[in-house]
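See below for the structure under consideration.
Every number here is computed from the coordinates shown, using simple stated rules; none is lab data. Model, not experiment: these values are computed from the prediction. Positions of Cβ are backbone-derived with ideal geometry, glycine not excepted, and every protein chain shown enters the neighbour counts.
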Amino acid sequence: MFEAIAFYLFAALTIVMFTITVMTSQALYAITAMAAGMIFISAFFFILGADFLGAIQIIVYTGAVMALYAFGMMFFDTTRNVVEKRTNPQIVFVLGVLAAVMVVAIFVAPIVSNNIQALYPIDAAIGNTQAIGMVLFTKYLVPFELAAVMLLVAMIGGIVLAGKKMDKSLTLMAEEDIGSMDDSIEPQAGGH
Amino acid sequence: MDVAFIIETIAKIVVILLIFSALAGLGTYFERKVLAFMQRRLGPMHVGPFGLLQVAADGIKLFTKEDIIPQNVVKPIFKIAPVITAATAFMAAAAIPFWPQFTVMGYTVHPIVADINVGILYVLGVMAIGLYGPLLGGMASANKWSLISAARSAAIFISYEVITGLSLLAPLMMVGSLSLVDINNYQVGGITHWIVWSQPVAFVLFWIAAFAETGRTPFHLVANDHEIIDGFGTEYSGMRWGLFFIGEYANMFFISFVIAIVFLGGFGDGTFAGAFQLILKVAFFFFFFLWTRAAWPDVRPDQLMWLCWKVLMPIAVLNVVVTGIVMMF
């Protein structure tokens, strides 16, 4: 009974949070609601007995991904409402409904055809962290390594893009040196 | 799931909340006294014996102060931000075993709210969410200084989470479990079995990162004192500001518990002596937080980032690799 109560509670909360994220025109509401929604999703993992994934969901999505969104939001005035430019609401509506129908179909199809089997059922003898480790390093080793390589590429790319003039510290430079440095900076692509 | 379990859990939650809220208040008293003695002052002396009731006076002041919500702030976010800080600090406590289990009138009590098998991961994750308190508070404040402080504290939290995670990885590889109870039981053999002897580097790294995670001096850039304002808390008054404070102090206590359990043997074999030793260890780490505040100045933000990414992180990665090689052969 507790699991049912917890499931419906967190399902409702998650839907409300992500609805706020989509509907609001205030950027701070959106980011707070989305962070909260991500935490509520972790509740489903805990209900299903997947403690490890639940904790990882909190750390990765709320702790890291959302925090990066928040970093991006530092650069504009978050106390003002965002005015969106809606050129064609019909297309947005049709695409939204289509996407929703597709997601429902994807998840309902295996249930309707009674075709769900747990390929790696929970083994009570080994913990769930160990079970994930075994699956990751046997069946999913190639995708796992591929993801690692892609992250490494992204990291190196990030360092190369951001690393120009990293050896110079604006704090330690003299005033005129900073001025002369500005001249040498090329205008940024995209800009205004 | 029976009724006794639910009642027991609720009772434990209430007890932990009460004890650590009170300790957070008392923590401010200890901090002022310790700082005062180190600076050859007396600290609070006038309210009650040795100024002990100063805590109550401060509490009454905070509770009865007007709750000012400035113009132009994003009201709901501004109001909820301090609650996030305090709530996440206490949520992290759910997976910390504060004491060994003991028996009262034939009923065995486990002084841990939820003994999940990913305890340490959960504690770190929830502490990581604590970042949203300063972040949202600063961004909703409609104040440039608050915003700068929020950006700075977010950068520090995210960077030092990497150090916390990597430094803990090496001890966890040795223990082979993420449960804080298992980590404690791994070191049950006494002082020679403590992880700190086999993982001294990880211990120091985690300890340094703990200062950044709780925003204490010398990494007190969350509220940069040189700006003569209170960082993200500038626009806050009364109890909302007090909640930030409670969150910070509760976090100091909980991270002290985590250091003591992971590296210094925790409550040992579970006897009363072991439990008492755990309290002593936690008290020492809490005292150390206050000690550094009296002894060290704050570092610059760029120095802090340099320390994190160019010194601590390579050491942490090396430590993990060396631990792996040693364990393999």
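Give the average over all directions of the projected area of the C-alpha convex hull of the protein assembly as shown, one decimal, in nm². Walk me through the intermediate numbers first.
Working: hull surface 126.0 nm².
Computing the convex hull of the Cα atoms and averaging its projections yields 31.5 nm².
Along each principal axis of its Cα atoms, how long is the range B:50-195 end to end? Whole angstroms, biggest number first, please.
Rounded to whole Å, the extents work out to 58, 40, 31 Å.
By how many nm would the segment from residue A:98 to residue A:64 grow when fully extended, if each residue of separation counts as 0.36 nm and the alpha-carbon distance is taken off?
Numbers: separation 34, 0.36 × 34 = 12.24 nm, distance 3.05 nm.
Value of the extension gain: 9.2 nm.
Taking chain A, how much of its Cα-Cα pair set, in percent, is spaced more than 25 angstrom apart?
Details: 11468 of 18336 pairs.
In whole percent, the share of Cα-Cα pairs in chain A beyond 25 Å is 63.
Amide H to amide H under 5 Å from residue A:26: which residues, 5+ apart in sequence or cross-chain, H placed 1.01 Å off N in plane?
Residues meeting the criterion, in which the H sits 1.01 Å from N, are A:82.
Could you calculate the FRET efficiency of residue B:227 with residue A:125 from 1/(1 + (r/R0)^6), where r is the beta carbon distance between them and R0 is 60 Å, rounded to 0.05?
On the way: r = 56 Å, r/R0 = 0.94.
For R0 = 60 Å, the calculated efficiency reads 0.60.
Using a Förster radius of 56 Å, what is the FRET efficiency between residue A:117 and residue B:46 based on their Cβ-Cβ separation? Nearest 0.05, please. Walk me through the numbers before you get to the answer.
Numbers: r = 73 Å, r/R0 = 1.30.
That pair, residue A:117 with residue B:46, gives E of 0.15.
Going by amide H atoms built from the backbone, whose H comes under 5 Å of the H on residue B:102, apart from near neighbours?
Under 5 Å from the amide H of residue B:102: B:109.
Work out the FRET efficiency for residue A:23 and residue A:47 from their Cβ-Cβ distance, taking R0 = 35 Å, and round it to the nearest 0.05.
On the way: r = 27 Å, r/R0 = 0.77.
According to the calculation, E is roughly 0.85.
With the Cα gyration tensor of the range B:193-329 in hand, convert its eigenvalues to equivalent ellipsoid semi-axes via √(5λ) and list them largest first in whole Å.
Numbers: eigenvalues 180, 100, 24 Å².
The answer is 30, 22, 11 Å, longest axis first.
With 10 angstrom as the radius, rank B:64, A:14 by how many other C-beta atoms surround their C-beta, starting from the fewest.
Numbers: B:64 9, A:14 18.
With the sparsest Cβ surroundings first, the list reads B:64, A:14.
If neighbour count is taken as other Cβ atoms inside 10 Å, put B:20, B:288 in order from fewest to most. Working shown, then result.
Values: B:20 20, B:288 16.
Listing B:20, B:288 from fewest to most nearby Cβ atoms yields B:288, B:20.
Normalised by the number of residues in the range A:17-104, what is the relative contact order in percent for Cα pairs under 8 Å and 6+ residues apart? Don't jump to the answer; show the numbers that get you there.
Numbers: 58 pairs, mean separation 26.1, N = 88.
Relative contact order here is 30 percent.
Taking the simple approach of a point 7 Å from Cα along Cα-to-Cβ for both residue B:197 and residue A:176, what is their distance in nm?
Once both label points are built, they end up 6.3 nm from each other.
I need B:239, A:150, A:173 ordered by Cβ neighbour count within 10 Å, fewest first. Numbers along the way, then the final one.
On the way: B:239 17, A:150 10, A:173 13.
Fewest-to-most Cβ neighbours within 10 Å comes out as A:150, A:173, B:239.
Most mobile of B:169, B:180, B:53 per a Gaussian network model of chain B (Cα springs, under 10 Å)?
The residue that fluctuates most here is B:53.
Per the helix-only calculation at 222 nm, which mean residue ellipticity applies to chain B, given -39500 (n - 2.57) for every DSSP H run of n ≥ 4 and division by its residues, nearest 500 deg cm²/dmol?
Details: 13 runs with 215 residues, N = 329.
Theoretical 222 nm ellipticity from helices: -22000 deg cm²/dmol.
What does the convex hull of the alpha-carbon atoms of the range B:68-328 project to on average, in nm²?
Values: hull surface 60.1 nm².
Computed as one quarter of the Cα hull surface, the answer is 15.0 nm².
What Rg and what Dmax come out for the range A:1-84 when only alpha-carbon atoms are used, in angstroms?
Here Rg and the maximum Cα pair distance are 14.4, 47 Å.
Got a sec to turn the phi values of the range A:155-161 into Karplus ³J(HN,Hα) couplings, 6.51 cos²θ - 1.76 cosθ + 1.60 with θ = phi - 60°, whole Hz, x for Gly and Pro?
These are the phi-based 3J(HN,Hα) values: 5, 5, x, x, 5, 5, 5 Hz.
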